[in-house]
Every structure is written in C-alpha cells, then in structure tokens.
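Data first, discussion second: the structure below is written as structure tokens.
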C-alpha cells in the first residue's frame with residue numbers, strides 16, 4: 001500500500017468534532033479527505049466533482065439544512081453516485097437506522113462509538129478491495145493482552161479487535177505509521193503462542209488528541225496455519241453472538 005494514488009474521501013457530518021476525528025483516523029498518505037457539514041456545500045461538491053470521489057462517509061442522522069436534505073438528495077441521485085457509501089450511525093433504535101438507510105444502498109454501516117477501533121480497516125476494505133479478501137478480514141472485538149516489540153523494547157497492549165490480516169492494539173504510546181513491530185499473543189482455545197512481524201498502518205496518540213490511543217497493524221509473516229487459526233477464532237467468537245456475515 002501507499003504506491004497507488006491517494007483515494008479521495010468525502011466526509012459529510014454536521015459535527016465538527018466528528019469530522020476532525022475522522023480526518024485524524026484517516027490521516028495517511030493513502031487517503032485525501034474533504035470534509036463538509038452537509039447542506040448545499042455537500043451537494044455542490046458531489047455535483048461538480050462527482051467523478052473524483054472514491055468513497056462517501058455520511059452520517060445517517062444529518063438534519064435538513066436550510067430546507068435541503070442531503071440524504072434525500074443522495075437517494076434520488078444514487079444511480080449517478082456510483083461510489084461506495086459508508087453510513088455512520090450512533091446509538092439509536094435499529095428501526096430508525098434501517099429507515100434512514102433505505103434507498104442509499106450503503107456498502108457498510110459504521111457505529112460512531114467504534115470509529116477508532118474500526119474505521120481505518122473499514123475504509124481500506126472499501127477503497128482498496130483488491131488488497132485482500134474482505135471475507136477473510138472479518139474482525140471481532142477482543143480484550144486480550146498482546147506483547148508489542150519495537151527494537152529491543154517490549155510493552156504490553158490490549159487487542160481491541162482482531163482479524164485474519166491484522167488487529168487494532170490499544171497502546172498508550174504507539175509507534176508511527178510505517179514502522180514494523182513484533183507481536184506475541186495467545187488466543188483462547190488455540191494451543192500456541194502467536195509470534196509475528198507486523199506493520200503499523202495507522203497510529204493514534206493521546207498527545208495528538210486521540211481518545212483511545214493505539215495502532216492498527218497489518219500482520220506480515222505469520223504462517224498460513226496461524227492465519228487460519230486466527231480466522232477460525234474470529235468466526236467462533238462471532239458465532240457466539242450470531243454475527244457471522246452472510247456469504
């Protein structure tokens with residue numbers, strides 16, 4: 001990654017704090033972020049630059065601005081707006097979310113409460129679909145310890161979520177994007193110590209305003225048996241909550 005042209009992402013959300021959080025989470029050379037509060041500005045961007053955007057991130061609970069409803073306009077123009085849409089939603093009744101999704105044909109729905117854990121992975125899966133098998137990259141929340149080695153220094157973090165290809169590690173002082181780290185961890189029910197090199201894809205630090213400090217890492221050199229074991233663990237955990245996605 002990083003060798004392709006940056007992907008243009010339009011963020012539409014009335015909350016300045018949330019727009020800034022999304023920009024920080026996606027602050028990587030692979031992404032070019034344009035953020036707007038909605039209304040006429042969002043419509044103008046989509047009408048004049050529709051072919052330039054690779055992804056739209058839009059809050060499902062945007063209010064109509066000056067009589068203009070962005071979501072209604074997106075529904076009406078969905079045949080022309082062919083890029084994937086990632087819909088944001090907060091804690092609300094499922095029926096409300098389903099109704100707001102109607103006609104938008106969103107490629108995914110992201111809970112704003114788990115942005116720091118998941119957004120980077122979700123966006124990468126949508127704008128770089130050829131980078132890996134998304135079905136194999138199903139992830140599950142976790143709270144397991146993980147040892148992280150950078151050079152001769154080892155610190156312990158917490159696995160926020162894990163998939164076959166990587167994980168989010170909650171860590172007070174994570175290294176920067178692009179650095180390599182060593183990981184050591186154990187998964188319940190699997191009799192082995194997992195040891196692997198990983199690359200930091202993104203990093204969020206408290207001194208940069210991150211609420212949940214940590215890093216998203218991509219596993220680099222784990223053997224195929226180990227990757228299959230992680231995938232089996234993830235699916236087993238999802239089955240407990242009836243959350244296995246349909247094929």
Considering only residues of segment 19-34 that are farther than 15 Å from residue 204 by Cα and buried (at least 17 other Cβ atoms within 10 Å of the Cβ), which is modelled with the lowest pLDDT?
30
Report, ordered by the first and then the second residue, all pairs with beta carbons closer than 7 Å, sequence separation of six or more or different chains, a first member in segment 225-247 that is closer than 20 Å to residue 191 by Cβ, and a second member that is part of a helix (DSSP H, G or I) and modelled with pLDDT under 70.
231/136
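Being in contact with a helix residue (DSSP H, G or I) (Cβ under 8 Å, 6 or more places away or on another chain) and over 16 Å from residue 168 (Cα atoms) is the filter; apply it to segment 205-221 and report the residue that is modelled with the lowest pLDDT. Write out each step before concluding.
The initial filter retains those residues of segment 205-221 that are in contact with a helix residue (DSSP H, G or I) (Cβ under 8 Å, 6 or more places away or on another chain), namely 208-214, 216, 219.
Going one step further and asking which of them are over 16 Å from residue 168 (Cα atoms), we end up with 208-209.
Working: 208: 74, 209: 71.
Selected residue: 209.
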Looking for whichever is in contact with a helix residue (DSSP H, G or I) (Cβ under 8 Å, 6 or more places away or on another chain) and at negative phi here; the options are 190, 186. Which one fits?
190
Where in segment 9-93 are there strands (runs of 3 or more DSSP E), lying wholly inside it, with at least 2 residues that are free of Cβ contacts under 8 Å to residues at least 40 places away in the same chain and within 16 Å of the chain's Cα centre (by Cα)?
31-36, 85-89
Is there a residue being surrounded by fewer than 17 Cβ atoms within 10 Å (Cβ to Cβ), under 16 Å from residue 126 (Cα atoms) and at pLDDT 90 or above anywhere in segment 88-111?
no
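Hey, could you check segment 184-194 for residues that are touching a residue at least 24 places away in the same chain (Cβ under 8 Å) and under 18 Å from residue 154 (Cα atoms) and say which is surrounded by the most Cβ atoms within 10 Å (Cβ to Cβ)?
Initial filter on segment 184-194 (touching a residue at least 24 places away in the same chain (Cβ under 8 Å)): 184-190, 192, 194.
Next, only the ones that are under 18 Å from residue 154 (Cα atoms) stay: 184-186, 194.
Numbers: 184: 15, 185: 20, 186: 14, 194: 18.
Filtering segment 184-194 for residues that are touching a residue at least 24 places away in the same chain (Cβ under 8 Å) and under 18 Å from residue 154 (Cα atoms), the one surrounded by the most Cβ atoms within 10 Å (Cβ to Cβ) comes out as 185.
Is there a residue being on the phi > 0 side of the Ramachandran plot, surrounded by fewer than 18 Cβ atoms within 10 Å (Cβ to Cβ) and in contact with a strand residue (DSSP E or B) (Cβ under 8 Å, 6 or more places away or on another chain) anywhere in segment 174-183?
Among the residues of segment 174-183, at least one is on the phi > 0 side of the Ramachandran plot, surrounded by fewer than 18 Cβ atoms within 10 Å (Cβ to Cβ) and in contact with a strand residue (DSSP E or B) (Cβ under 8 Å, 6 or more places away or on another chain), which makes the answer yes.
The values are calculated or read from the model by the stated rules, or taken from the named source; none is laboratory data. These numbers were taken from a predicted model, which means no experiment stands behind them. Heads up, the Cβs are rebuilt from the backbone with ideal geometry, glycines too, and the neighbour counts pull from every protein chain shown.
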